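We did not get these values from a lab; they are worked out from the coordinates using the rules stated. For clarity, every value in this text was computed on a predicted model and none was experimentally measured. Neighbour counts are summed over all protein chains in view; Cβ atoms, including those assigned to glycine, are modelled from backbone coordinates with ideal geometry.
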Amino acid sequence: MDYSGNILAIADLSYVWAKATIEGKGIILLLGILSAFAWSVMAAKVLQIRRAKRLNEFFMIEFKAQAEVLGIFDRRILVEGCPLFTIYREGSLELDQRLKLGGRPSRADSVSLKQMEHVKGALERTVADQALKLESGLILLGIAVSGAPFLGLLGTVWGVMSVFSQVAQAGQADLATMAPGLSAAMMTTVAGLLVAIPSMFGYNWLVHNLRVATVELDNFAQLLVAKMETEFFKEDEGARSTSVRVARNTAVDPPAEIAAKDEGDPLGEVEPDQPHAS
């Protein structure tokens, strides 16, 4: 294998680094630190999303196999790192508290509409918390995507300014004088792009997968609410009979204007005034 090309490239970078200004070296070091953080965030989020997806699939298989909605909750199972299980646990805990409201030793047979709204609120809060947890750290990638090129551009402009300042002081502008400084100035732009481009691809991939994961969390919360309502929510008989009676009276009773008209004139006609005899 021919290592001459790699050796020359390393030598060129070393030469350019030696000719760079203190400001350019500081910007390149800052970009290196930012790149390290960006790569660590991308690796951590990829592992987190894959683990959460795998655990969610296992949990959905177990959840669909349960005859009762609180079956898994009664078994006191704990699954760390599974967003769907966290939503299920918080919703089941809230439902269990509403069923045992009033110090009951055992669960009631049903919950009211107001109690069911409390359960829905707990599920919505948990879905939002899990979405924020999955999205944590993306701000650093956004900073790397948008800020790294500008930091590189700042180093380049600063380096070019220093080169022209040195040329003005030397009183001569030849290639041997300007080339080292210009190449060192351009290195900061290259460093900024090397940080921003991988961060951009990683950010877009993570945003897409996090959007899909958030939709799955919302769908599961709606499925869980539907199962809870089917099993525990029963409409109040008194309220239902009252609504039926009101609807029946509205459909049968005629309006007051029509009734008054029918009583005054069965045919609905008004006789014309008779002329007076002169």
| Label-point separation, Ile143 to Ile33 (7 Å along Cα→Cβ), nm | 1.0
| field | Ratio of Rg to Rh over the range 11-246 (Cα coordinates, Kirkwood Rh, two decimals) | value | 1.32
| query | Cβ under 15 Å from Val119's Cβ, Val119 left aside: what net charge do those residues give with Lys, Arg +1 and Asp, Glu -1? | reply | +2
| Burial ranking of peptide ranges 146-155, 111-120, 61-70 (average Cβ count within 10 Å, highest at the top) | 146-155, 111-120, 61-70
| query | Once the Cβ-Cβ distance between Lys234 and Arg50 is put in as r, and R0 is 41 Å, what FRET efficiency do you end up with, to the nearest 0.05? | reply | 0.45
| task | Using a cut-off of under 16 Å, list every residue of the range 70-84 whose amide N is near the label point 7 Å from the Cα of Val212 along the Cα-to-beta-carbon line. | result | none
| said: What distance in nm separates the two pseudo spin-label positions at Ile22 and Leu132, each 7 Å out from Cα along the beta-carbon direction? | reply: 4.4
| message | Whole angstrom only: what separates the Cα centroid of the range 67-101 from the Cα centroid of the range 169-220? | response | 45
| In terms of modelled amide H atoms, which long-range or inter-chain residues lie less than 5 Å from the amide H of Val111? | Phe233, Lys234
| query | For Gly102, what charge total do you get from the other residues with a beta carbon under 15 Å from its beta carbon, if Lys and Arg give +1 and Asp and Glu give -1? | reply | +3
